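Asks: First the structure, then my questions, so here it is.
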Number of protein chains: 2
Amino acid sequence: MRKTIRKYTDRPVDDGLLNQLLERACRASNTGNMQTYSVVVTRDMEQKKRLSPAHFNQPMVLQAPVVLTFCADYNRFSHWCRLRQAEPCYDNLQSLVGAGIDAMLVAQEFATAAEEAGLGLCFLGTTTYNAQEICEVLRLPRLVVPVTTITLGWPAENPELQDRLPLDGIVHHEQYADYTDADIDRIYAEKEALESSKRFIEENGKQTLAQVFTEVRYTREGCETFSEKFRDALVRQGFVK
Amino acid sequence: MRKTIRKYTDRPVDDGLLNQLLERACRASNTGNMQTYSVVVTRDMEQKKRLSPAHFNQPMVLQAPVVLTFCADYNRFSHWCRLRQAEPCYDNLQSLVGAGIDAMLVAQEFATAAEEAGLGLCFLGTTTYNAQEICEVLRLPRLVVPVTTITLGWPAENPELQDRLPLDGIVHHEQYADYTDADIDRIYAEKEALESSKRFIEENGKQTLAQVFTEVRYTREGCETFSEKFRDALVRQGFVK
């Protein structure tokens, strides 16, 4: 059962194993078999130190033996087109979305393969918050944008399984059945009753768990700032005008 | 080894199995454990007929016993916030991107679980081309957008494994090493030498495989039209202004 692992032992992740996992990851489905993604592998401590601020200095970036940045990439494919008397036309939103989706499928397939091999990992959502800084550190050219990051190593912790909403709160049949207030109460009841949720509310001095999200973790100011920053990154990388 | 399956037997996919697979899929990592995604399960033939044009009438939609539409969903979470004296603020690009990423991780984890159970499936990239039509058929409310679709059933075909680019054409170390013309020639050599590629060029009356992509399959006109359509869908669903 998958668990996020944020602490790693000193044991290195060998190149042969990493390549096997990446080979398997690239078997994931992709749009038109164009494989419009790239993976940048960071092992060098100096490079990790440069990446770290873009991930808000979360300690996994420096501590993990391997950091993988998964990117939507239309640079390689467009270069191929130009060399083959074809005019590439992938500087637009739909191409970005397709390439981003394909990069995510590869990332998740990589995660599954890595966990099966006994490795531990953590996805970093900060990748799209500070995409421009990551582009600079990794020297990503036009038509390449990072979409997610995985920190990887041999597990040095075994955390408890995280809660999940009941399945019938996530799945709809035939049409989306919008939630009544009673549905919401029921779907979130287990999460709200957790000791960890109560601690979370108290530590942050809030009245409800939802307030911890809207007022502390994912605030309007943060969401809007990082939306603008990401939009700027997409313009600079050539996907949006 | 994963293969896209587009033909399915008449054997039904039972609800118990489907729920098991969805439970496992929801174990995928997600941002802040907010689970900002939903899955709409379509089994009803009338509903499939309504969905079919949005997927350009690809025959899998009608033929598969189950069609699953994976959606970025901030509607449920925002409803919870409003019921708990918290003001939701997720009507923006960064929230969409986070929710979209989480929905893709669930979709790929679902695919892996389904294949391990012996099922066959196909991802439909058309989901973001015609998102607005899908929103209407599935009655997706504000702050819900479909990101990918899986058609699912018991395999009635066993196609050959598709080619992939060599791994060193996809993976970069420490920094993105932009491709020279010689790199591109080498990376695409195997794909270009395939009999299927040669047939593809001939059938479409083109000179190069790249031209089949830029002039037939993923043209500028198509990419730009579907970029605008998707942007409109994002505006209508409330993620973009």
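The values are calculated or read from the model by the stated rules, or taken from the named source; none is laboratory data. These figures come from a predicted structure and were not determined experimentally. Cβ: placed from backbone, ideal geometry, glycine included. Neighbour counts: every protein chain shown.
Asks: Take the residues in region B:134-176 that are small (Gly, Ala, Ser) and within 30 Å of A:Val171 (Cα to Cα); name whichever of them is surrounded by the fewest Cβ atoms within 10 Å (Cβ to Cβ).
Replies: B:Ala156
Asks: Would you confirm whether any residue within region B:41-61 is more than 29 Å from A:Gly125 (Cβ to Cβ), facing chain A (nearest Cβ under 7 Å) and over 20 Å from the mean Cα position of the chain (by Cα)?
Replies: For region B:41-61, residues more than 29 Å from A:Gly125 (Cβ to Cβ), facing chain A (nearest Cβ under 7 Å) and over 20 Å from the mean Cα position of the chain (by Cα): present.
Conditions (1) farther than 11 Å from A:Trp80 by Cβ; (2) assigned by TED's automatic domain parsing to the domain that holds B:Tyr129; (3) buried (at least 18 other Cβ atoms within 10 Å of the Cβ); (4) modelled with pLDDT under 95, marked per residue:
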site	(1), (2), (3), (4)
B:Asp178	yes, no, no, no
B:Leu194	yes, no, no, no
B:Ser197	yes, no, no, no
B:Glu203	yes, no, no, no
B:Ala210	no, no, yes, no
B:Phe213	no, no, yes, no
B:Cys223	yes, no, yes, no
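Asks: Take the residues in region B:93-118 that are buried (at least 24 other Cβ atoms within 10 Å of the Cβ) and either among the polar types (S, T, N, Q) or not assigned by TED's automatic domain parsing to the domain that holds B:Val144 (or both); name whichever of them is modelled with the highest pLDDT.
Replies: B:Ser95
Asks: So, in region A:133-181, exactly how many residues are among the hydrophobic types (A, V, I, L, M, F, W, C), over 18 Å from the mean Cα position of the chain (by Cα) and facing another protein chain (nearest Cβ under 10 Å)?
Replies: Matching residues across region A:133-181 total 6.
Results for (1) farther than 19 Å from B:Leu119 by Cα; (2) assigned to a strand (DSSP E or B), shown as yes or no for each residue.
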site	(1), (2)
B:Leu21	no, no
B:Gly32	yes, no
B:Gln35	yes, no
B:Ser38	yes, yes
B:Val61	no, no
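Asks: Here's another thing I want to ask about it. Determine whether region B:140-155 contains at least one residue that is under 18 Å from B:Gln63 (Cβ atoms), in the same structural domain as B:Cys71 (by TED's automatic domain parsing) and assigned to a loop (DSSP other than H, G, I, E, B).
Replies: Within region B:140-155, one or more residues are under 18 Å from B:Gln63 (Cβ atoms), in the same structural domain as B:Cys71 (by TED's automatic domain parsing) and assigned to a loop (DSSP other than H, G, I, E, B).
Asks: Residue check: is A:Leu121 among the hydrophobic types (A, V, I, L, M, F, W, C), within 10 Å of chain B (Cβ to nearest Cβ) and not in a strand (DSSP E or B)?
Replies: No.
Asks: Something else: Yes or no: region A:113-129 includes at least one residue that is under 15 Å from the mean Cα position of the chain (by Cα) and closer than 17 Å to A:Gln35 by Cα.
Replies: no
Asks: Considering only residues of region B:204-229 that are charged (D, E, K, R) and without any contact (Cβ under 8 Å) to a residue 12 or more places away in the chain, which is nearest to the other protein chains (Cβ to nearest Cβ)?
Replies: Looking at the filtered set, the residue picked out is B:Arg220.
Asks: OK, next. For region B:67-79, does any single residue satisfy the condition of being crowded, with 23+ Cβ neighbours inside 10 Å, among the acidic types (Asp, Glu), within 30 Å of A:Arg220 (Cα to Cα) and within 11 Å of another protein chain (Cβ to nearest Cβ)?
Replies: Among the residues of region B:67-79, at least one is crowded, with 23+ Cβ neighbours inside 10 Å, among the acidic types (Asp, Glu), within 30 Å of A:Arg220 (Cα to Cα) and within 11 Å of another protein chain (Cβ to nearest Cβ), which makes the answer yes.
Asks: Separate question: Residue under question is A:Phe70, and the condition is that it be of a type in the set (Phe, Trp, Tyr), over 22 Å from B:Arg186 (Cα atoms) and not in a loop (DSSP other than H, G, I, E, B); does it hold?
Replies: When the stated conditions are applied, A:Phe70 passes them.
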